[in-house]
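J.: Here's a structure for you.
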Amino acid sequence: MQDTRLFGEYEQDWDAFTLTPWCHPAGSRLGWHTDLLDSGPTRVGAFTWYLNDDWDYDWGGHLQIIDRDHSDVEMVSQASWKGKTPSVSSSIPDVIPPRANRFVAFKSGTWHSVSRVDLTAGDRMRRSIVGFFIKT
């Protein structure tokens, strides 16, 4: 029987999780990456929990996810995370605005990014708690 839970079975597939607060001020962004590590504990899945009370869609800071088959993603070497970034894909990323109390979870290895927080956000920051389910 196939395990249909997103991150598998506790203790068998993952045995711990992390929590890290993040604040993205106006002008900041996070480029395309997969959260996979070369060493250390294995990240099985990732999640983001948005903490903003109010956030205007036009302020950006959206989580962008390519959650489809990655066979159409061409990898090119650039000065970015691990020297690789997706460059061509027929998949249009899913865009998830940082609305209050929204929780987004996805498997590690999924290409994702955070769009630039627009300067019109002023002194408001895109606030979230980010975590990983890991196998130690």
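Every number in this text was worked out from the coordinates using simple rules, so none of it is lab data. Predicted model, so just to flag it, every value in this text is computed and none were measured. Quick reminder, even Gly has a Cβ in these numbers, built from the backbone with ideal geometry, and neighbours come from all protein chains shown.
J.: Between beta-carbons, use under 12 Å as the cut-off and find the net charge around TRP55, counting Lys and Arg +1, Asp and Glu -1.
T.: Local net charge: 0.
J.: ASP123 to THR136: extension gain in nm, 0.36 nm per residue of separation minus the Cα-Cα distance?
T.: Values: separation 13, 0.36 × 13 = 4.68 nm, distance 3.85 nm.
So the chain would gain 0.8 nm between ASP123 and THR136.
J.: Report the FRET efficiency, 1/(1 + (r/R0)^6), for LEU19 and ASP58, where r is their Cβ-Cβ distance and R0 is 22 Å, rounded to 0.05.
T.: Working: r = 29 Å, r/R0 = 1.32.
That pair, LEU19 with ASP58, gives E of 0.15.
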